[in-house]
Amino acid sequence: MFGALANGRRRQIVETLALQPASIAQLARDQDSSLPAIHRHIVALEDAGLAQRRKSGRVNFLAFDRSGILAAQGWVGSFHAYWGSGDETLENYIAGIARADGFTEGKTL
């Protein structure tokens with residue numbers, strides 16, 4: 001998912017689809033891209049769980065698929081317990097290590 005969103009054009013497509021579904025032809029026009037070029041981006045977004053395709057007659061429509069975002073959100077959230085509060089800074093961490101090792105303030109590590 002992060003790899004798919006690393007591309008600016010794909011981020012723009014996701015932003016468009018998050019507001020409302022669109023046809024592939026409409027996305028190509030909006031992005032000023034050829035159909036083959038936009039198709040490659042769409043495949044990457046589908047693989048990442050960020051877009052889903054539905055066909056109606058001869059027209060392919062895309063909609064935002066939130067499963068990729070939810071998976072990433074869950075992964076990032078799993079680290080929340082390790083982040084601590086906003087008061088725990090690198091300086092506090094280093095000071096804690098220094099105290100544990102018997103260093104006093106004013107001495108360098």
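For the subset of segment 3-23 comprising residues that are part of a helix (DSSP H, G or I) and of a type outside the set (A, V, I, L, M), which member is farthest from Ser34 (Cα to Cα)?
Of everything passing the filter in segment 3-23, Gly3 is farthest from Ser34 (Cα to Cα).
How many residues does segment 39-62 hold that are over 21 Å from Phe2 (Cβ atoms) and out of contact with any Asp or Glu (no Cβ under 9 Å at 6 or more places or on another chain)?
Here the count works out to 9.
Within segment 1-28, restricting attention to residues that are in contact with a strand residue (DSSP E or B) (Cβ under 8 Å, 6 or more places away or on another chain), more than 14 Å from Ala48 (Cα to Cα) and hydrophobic (A, V, I, L, M, F, W, C), which residue is surrounded by the most Cβ atoms within 10 Å (Cβ to Cβ)?
Looking at the filtered set, the residue picked out is Leu27.
Search segment 33-53 for residues that are free of Cβ contacts under 8 Å to residues at least 12 places away in the same chain and pair each with any residue that is surrounded by fewer than 15 Cβ atoms within 10 Å (Cβ to Cβ) and in a helix (DSSP H, G or I) when their beta-carbon atoms are under 8 Å apart and the residues are at least 6 apart or on different chains.
Leu35/Ala25
Pick out, from segment 29-85, the helices (runs of 4 or more DSSP H) lying fully within it that include 2 or more residues that are within 16 Å of the chain's Cα centre (by Cα) and surrounded by 16 or more Cβ atoms within 10 Å (Cβ to Cβ).
Of the helices (runs of 4 or more DSSP H) lying wholly inside segment 29-85, those with at least 2 residues that are within 16 Å of the chain's Cα centre (by Cα) and surrounded by 16 or more Cβ atoms within 10 Å (Cβ to Cβ) span 35-47, 67-77.
Bear in mind these aren't lab numbers, they're just calculated from the coordinates by the rules spelled out. Source: prediction; values computed, not measured. For neighbour counting, all protein chains shown are included, and Cβ atoms are generated from backbone atoms with ideal geometry for every residue, glycine included.
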